[in-house]
Amino acid sequence: MADPRVLHVITDPRARGAQRLAHDLHGELLRRGQPSALAALHPHPDADPAAALGPVPVLGPSRHHPATLRALRRAAARADVVVAHGSSTLQACALGLFAARTPFVYVNIGDPRHWTASPLRRLRVGAFLHRAAAVAAISPHAAEVLRTRFRLPARRLRTLPNARPADRFRPAADPADRAAARTALGLPADAPLIAWIGALSPEKRPDLALAAHALLPADVHLALAGEGPLRAALAPGPRTHLLGPLADPAPLYRAADLLLLTSDSEGVPGVLIEAALAAVPAVATDVGWVSDVVRPGEGGLLVPPGDPAALAAALRTLLAADRTHYAAAARAHALAHFDLAPVATAWQHLLREVARPH
């Protein structure tokens, strides 16, 4: 039987977590010879066509505009199954594909306890989830939350990890390779360097990264990569480097000694997977299912959210330690659980199962 034709739907063309997973999965399916297309619900002013996602077709002016939903329905008619990546695509697919012949699979990226806090929102999201042919959770813990919170039947739930192509995030080969990566990014060659990568938005808490950095020794540098609404409000110090959005974050991982994640809410963050594949230990807030990637004391350290002093203490511990063990453990765990190739195979099995016959 021929592999089904797949349409991946993302909210907008920015190179963020849900979008990166969709882009990578789409590319891997194409590489395997499976028909696959990628489309965004609406444009975004921060989307950079030169970034990792490249040019992405846009369906309409806004995520739930009638023209967007009509275009989604037309695009879905040319596919055998639609994969909706991230929260905004759930409502669009539930409405736009109502009574359509093409089923959709919803990929839950974040922590549903965070984005369905109110009873009304929980009821609305639950109704949309029940219209999906299947719901893919990126952690077994998330799958259990979805099952109990929204009464989803276990047969319609799948656990399919967040993933990245391992060959894209190779570790620094040697000190010269690391120094070359730093030079290319305009970063100091020899100083301890912490990387922070993400949207400069309230839930990611870049302000905590700056506050924790201010508590570290004077020779430690912090490089923040990303764009977002908090950019103008950040007040970096002399050892802080605002790099803006990076088309390819891999050189920053090769340049860094540690990755810092300061979020108040997460699912299974792609940046932690990327850093681990690049053999970069992490200090992260213990939210969502971060511990799926960062096993405390092995690939890094976890601290409670919202505590810059605890973040700084964990960073000092790892900066003073022999990080060889942490780096090796982080990479081994990521290769075993979050490499794209085996995850894409599991996706192919699910897509064959739910796709309409053609």
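The values are calculated or read from the model by the stated rules, or taken from the named source; none is laboratory data. All values derive from a computational prediction rather than experimental measurement. A quick note on method: Cβ atoms are made from the backbone with ideal geometry, for glycine too, and the neighbour counts reach across all protein chains shown. These accessible areas exclude ligands, DNA and RNA; they are computed on the full protein's heavy atoms, side chains included. Shrake-Rupley method; radii C 1.70, N 1.55, O 1.52, S 1.80 Å.
Observations on the model:
- Anisotropy class of the range 174-257 from Cα gyration tensor, a/c 1.5 cut: oblate
- Options ALA181, SER36, THR285, ranked by Cα towards positive dipole end of the chain, top entry (Cβ charges): SER36
- FRET E, pair ARG78, ALA309, Förster distance 56 Å, beta-carbon r, rounded to 0.05: 0.55
- For the range 271-358, the alpha carbon positions stretch 58, 28, 15 Å along the principal axes, listed from largest to smallest.
- Here's the picture: a label point sits 7 Å out from the Cα of ASP3 along the beta-carbon direction, and within the range 162-204 the residues with their amide nitrogen under 20 Å of it are 162-168.
- Furthest towards positive pole of dipole, CYS93, VAL6, VAL82, structure part the range 1-133, Cβ charges: CYS93
- Distance from the C-alpha centroid of the range 237-277 to that of the range 190-236: 10 Å, rounded to the whole angstrom.
- Shape class of the chain from the Cα gyration tensor (axes a ≥ b ≥ c, square roots of the eigenvalues): prolate, since a/c reaches 1.5 or more and a/b is larger than b/c.
- The distance linking the range 314-345 with the range 116-168 is 26 Å (Cα centroid to Cα centroid, whole angstrom).
- Under a model in which nothing but the beta-carbon of Lys, Arg (+1) and Asp, Glu (-1) is charged, the chain shows a dipole of about 1740 debye around its Cα centre.
- Helix-only CD estimate at 222 nm, as mean residue ellipticity for the chain, using -39500 (n - 2.57) per DSSP H run (n ≥ 4): -11500 deg cm²/dmol
- Computed magnitude of the charge dipole of the range 306-358 (debye, nearest 20; Cβ of K, R +1, Cβ of D, E -1): 120 debye
- Heavy-atom accessible surface of the range 118-246, averaged per residue, reaches 47 Å², computed with a 1.4 Å probe.
- For the chain, relative contact order (Cα pairs under 8 Å, six or more residues apart, normalised by length) works out to 16 percent.
- Overall, the anisotropy analysis places the range 19-109 in the oblate class: the square-rooted eigenvalues a ≥ b ≥ c of its C-alpha gyration tensor yield a/c not less than 1.5, with a/b not exceeding b/c.
- The chain - percent of accessible surface contributed by carbon and sulfur, probe 1.4 Å: 57 percent
- For the range 262-358, the solvent-accessible area of protein heavy atoms averages 36 Å² per residue (probe radius 1.4 Å; ligands and nucleic acids excluded).
- Dipole of the range 192-342, positive direction: furthest Cα of TYR253, ILE273, HIS337, with charges on the beta-carbon: TYR253
- Screening the chain for whole DSSP H helices with an alpha carbon extent of at least 27 angstrom along the helix axis and a mean Kyte-Doolittle hydropathy of at least 0.0 yields nothing.
- Unit charges on C-beta of K, R, D, E only; dipole of the range 1-147, Debye: 460 debye
- Ordering of 72-78, 272-278 by burial proxy (mean other Cβ atoms within 10 Å per residue, highest first): 272-278, 72-78
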